[in-house]
């Protein structure tokens with residue numbers, strides 16, 4: 001897994017080294033094993049980000065939270081039972097939405113916006129609660145999604161957050177796909193294009 005150490009309106013995508021297909025695919029069914037979990041106020045994620053930023057600065061904070069989210073995703077995946085039968089993509093996203101919702105993360109919706117790009121959105125994602133920032137700030141979640149999607153797809157998946165309630169957007173949004181595709185989309189957004197314009201250039 002690699003990170004880019006720049007800081008901009010859109011934090012750089014968390015990604016790994018090999019591009020993969022990001023269209024909906026058949027996925028294994030998942031059942032969560034009994035694992036120890038703890039409950040904390042959602043604002044604790046904001047407090048953690050602010051404390052890290054005070055100590056290490058904004059770039060190091062984003063990178064650290066990306067890495068922590070990615071490693072947490074690996075642990076979550078290790079606690080899952082994977083059936084041999086394949087699960088249709090739509091069924092997987094129903095499971096994922098329920099899994100995150102039951103744990104207090106918020107409402108999660110998947111949309112296949114392009115043959116090579118998927119989009120996740122949430123109007124109430126926990127990591128944005130109580131946060132105020134100039135850029136998308138759900139960095140832990142971005143790493144977590146990258147890890148889980150990489151595990152499920154069986155190949156590397158890049159993820160970037162393109163909208164966030166922490167900076168005043170109505171929803172938090174992430175896009176994911178191959179590294180090359182997500183980097184191209186990210187670059188277009190940095191150049192001032194709208195999401196629709198950037199998507200049309202892929």
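The values are calculated or read from the model by the stated rules, or taken from the named source; none is laboratory data. Everything numeric in this text was worked out from a predicted model, so none of it was measured. No Cβ is skipped: glycine too gets one built from the backbone with ideal geometry, and neighbour counts run over all protein chains shown.
Some values worked out for this structure:
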{"item": "Test set (1) closer than 21 Å to residue 78 by Cβ; (2) in contact with a strand residue (DSSP E or B) (Cβ under 6 Å, 6 or more places away or on another chain); (3) surrounded by fewer than 24 Cβ atoms within 10 Å (Cβ to Cβ) - residue 146 fails condition number", "result": "(3)"}
{"item": "Selection within the range 149-179 - closer than 13 Å to residue 122 by Cα, part of a strand (DSSP E or B) and either touching a residue at least 60 places away in the same chain (Cβ under 8 Å) or touching a helix residue (DSSP H, G or I) at 6+ places or on another chain (Cβ under 7 Å) (or both)", "result": "161, 162, 172, 174, 175"}
{"item": "Which numbered condition residue 73 fails, given (1) within 14 Å of the chain's Cα centre (by Cα); (2) closer than 25 Å to residue 169 by Cα; (3) surrounded by 16 or more Cβ atoms within 10 Å (Cβ to Cβ)", "result": "(2)"}
{"item": "The range 182-195: number of residues that are surrounded by fewer than 16 Cβ atoms within 10 Å (Cβ to Cβ) and either in contact with a strand residue (DSSP E or B) (Cβ under 6 Å, 6 or more places away or on another chain) or more than 22 Å from residue 157 (Cβ to Cβ) (or both)", "result": "4"}
{"item": "Residues that are part of a loop (DSSP other than H, G, I, E, B) and within 15 Å of residue 173 (Cα to Cα), drawn from the range 93-111", "result": "105, 106, 107, 108"}
{"item": "Single unsatisfied condition, residue 183 versus (1) touching a residue at least 24 places away in the same chain (Cβ under 8 Å); (2) assigned to a loop (DSSP other than H, G, I, E, B)", "result": "(2)"}
{"item": "Lone qualifier among 88, 112 - being in contact (Cβ under 8 Å) with a residue 40 or more places away in the chain, surrounded by fewer than 16 Cβ atoms within 10 Å (Cβ to Cβ), touching a strand residue (DSSP E or B) at 6+ places or on another chain (Cβ under 6 Å) and over 21 Å from residue 37 (Cβ atoms)", "result": "112"}
{"item": "Test result for residue 85, over 22 Å from residue 158 (Cβ atoms) and modelled with pLDDT under 55", "result": "yes"}
{"item": "Number of the exception - residue 77 against (1) outside any strand (DSSP E or B); (2) modelled with pLDDT of 90 or more", "result": "(2)"}
